[in-house]
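Visitor: Below you'll find the structure I mean.
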Amino acid sequence: MNNKNTHTIRRILIIRTDRLGDVILSTPVLTSLKNSLQNIKTGMLVRNYTKDAVAGHPDLDFIIVDEPDARSGGLRGVRELGKKIRAFNFDTAIVLHPTFRLALSAWLAKIPRRVGTGYRFYSFLFTHKVYHHRKKSQKHECDLNLELAQAVGAKIENIKFKFFVPGDSHEKISKLLAQANILKEEKFVVLHPGSGGSALDWPLDCFGELGNRLVSDGFPVILTGSKAENKIVDRVISVNKNMIRMDGQLSIKDLAALLQKASVVVANSTGPLHLAVALGTRVIGLYAPILACLPERWGPYRQTDSVFVPKVEMCRRCSPKNCREKDCMRLITVDEVYNKVVEKLRTIK
């Protein structure tokens, strides 16, 4: 009987259906589980638009897509999701994205061991509860995710990000860089001026002036963003038409290939910043002085020297009408960000 148990393969589901950065900051859980436990298969429940962020991950065996819409809303939608999950026969679920819908879906899927926060009204749906207040913990989101994994035996040591970038994405980016006359070993900077509404952004004219100064110094500057952010990029590039725009042209895998080749990435608090960190690229993050958005939790993981926050009193929430500074992010000056970029460029041989 012991031999049989030794060879039983456990199936563990990681549930994270929010945004790109959240998903990326959850992927070390996969590696921690695989490094700590024997005979396991791992799955991840994600939204369709973040699927490529985990596709090909060496420590991930299954991907389940959850894309709630009008037809899958309400109790019927939860039942359908529970049925979809149950088909994979998971014995453990770790709910990293705490919502009632997801907790109920794991319960309906009849997963025997369900791990989640102990501080929600629906925490009774979890068999294993972890008691930490994420907003008040002052811990990084990645570490909070790993603490949940500890409840099923994962060891928090030698934390690593892994991201699979396919060869065709590398080829595409190499061609785009060649078309932009950027040499193979040439240093270049990526500016990502949008955030998809996930953060209070650094002003676009500041991004424009930063790009202008770097281009004037002889450093190629590439602007990235989604198709929906075309107008944002229009405003940034209007300062200097010699910046190179790749907004709306890149999949997540393509963006990863670009960020991996970049010398420095400058971005607001948003998914591409965390993607760059996961790929080992030097970054500079621009963060609002809002308690729920602080870099202690959402900053570039273990790169505390790479963050700028306006030097003002922290706000519980952003209220532009009542803002004493009117535009606090403008207090992060182009000079200080430019100097930090140049400092990082000088460290690259």
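Just so it is clear, none of the values below were taken in a lab; they were calculated from the coordinates. In this text, all values refer to a predicted model and were calculated from it rather than measured experimentally. Ideal geometry is used to build each Cβ from the backbone, glycine not excepted, and the neighbour counts take in all protein chains shown.
Visitor: Could you rank the peptides 196-207, 327-338 by their average count of other C-beta atoms within 10 Å per residue, with the highest value first?
Guide: Top of the packing list down: 196-207, 327-338.
Visitor: For each pair in K139/K162; K231/K253; K135/K344, compute the distance between the two Cα atoms and list the pairs where it is over 29 Å.
Guide: Where the Cα-Cα span goes over 29 Å, the pairs concerned are K135/K344.
Visitor: May I ask you to compute the full-extension gain from K241 to Y49, defined as 0.36 nm times their residue separation minus their alpha-carbon distance, rounded to one decimal in nm?
Guide: Length difference between fully extended and current span is 66.0 nm.
Visitor: Also, I was wondering about something else. Going by a ≥ b ≥ c, the root eigenvalues of the Cα gyration tensor, does the range 83-172 fall in the rounded group (a/c under 1.5), the prolate group (a/b larger than b/c) or the oblate group?
Guide: Since a/c reaches 1.5 but b/c is at least a/b, the shape of the range 83-172 is classed as oblate.
Visitor: Would you report the distance distribution of C-alpha pairs in the range 18-128 as whole percents per 5 angstrom bin, up to the bin with the largest distance?
Guide: 2, 12, 21, 25, 24, 13, 3, 1, 0
Visitor: Right, next: Run the dipole for the chain about the Cα centre, Lys and Arg Cβ at +1, Asp and Glu Cβ at -1, nothing else charged, and hand back the magnitude in debye, nearest 20.
Guide: Using Cβ point charges on Lys, Arg, Asp and Glu, the chain gives about 1260 debye.
Visitor: Net charge near F88, counting Lys/Arg +1 and Asp/Glu -1 over other residues with Cβ under 14 Å of its Cβ?
Guide: Surrounding charge for F88 is +4.
Visitor: So in the range 2-150, what percent of DSSP beta bridges are antiparallel if you round to the nearest 5?
Guide: 0
Visitor: Can you pull the one-decimal nm distance between simple spin-label points at R120 and D143, each 7 Å off the Cα toward Cβ?
Guide: About 2.3 nm separates the two model spin labels.
Visitor: Report the per residue volume, in Å³, of the convex hull enclosing the C-alpha atoms of the range 167-346.
Guide: 112
Visitor: Can you return the aspartates and glutamates within cross-link range of K155? Criterion is Cα-Cα under 16 Å, with same-chain partners fewer than 8 residues away left out.
Guide: D59, D143, E147
Visitor: In degrees between 0 and 90, to the nearest 10, how far off the longest principal axis of the chain does helix 252-261 point, with axes built from Cα atoms?
Guide: 50
Visitor: For the range 108-149, which chymotrypsin sites (Phe, Trp or Tyr not before Pro) pass both filters: DSSP loop (anything but H, G, I, E, B) and at most 12 other C-beta atoms within 10 Å?
Guide: F121, Y131
Visitor: OK, next. With viscosity set to 1.306 mPa s and temperature to 10 °C, compute the Stokes-Einstein D of the chain, Rh being the Kirkwood radius across alpha carbon pairs; µm²/s, no decimals.
Guide: 74
Visitor: Moving on. What nm distance separates the two modelled labels at N230 and R302, each placed 7 Å from Cα along Cα→Cβ?
Guide: A separation of 4.1 nm, rounded to one decimal place.
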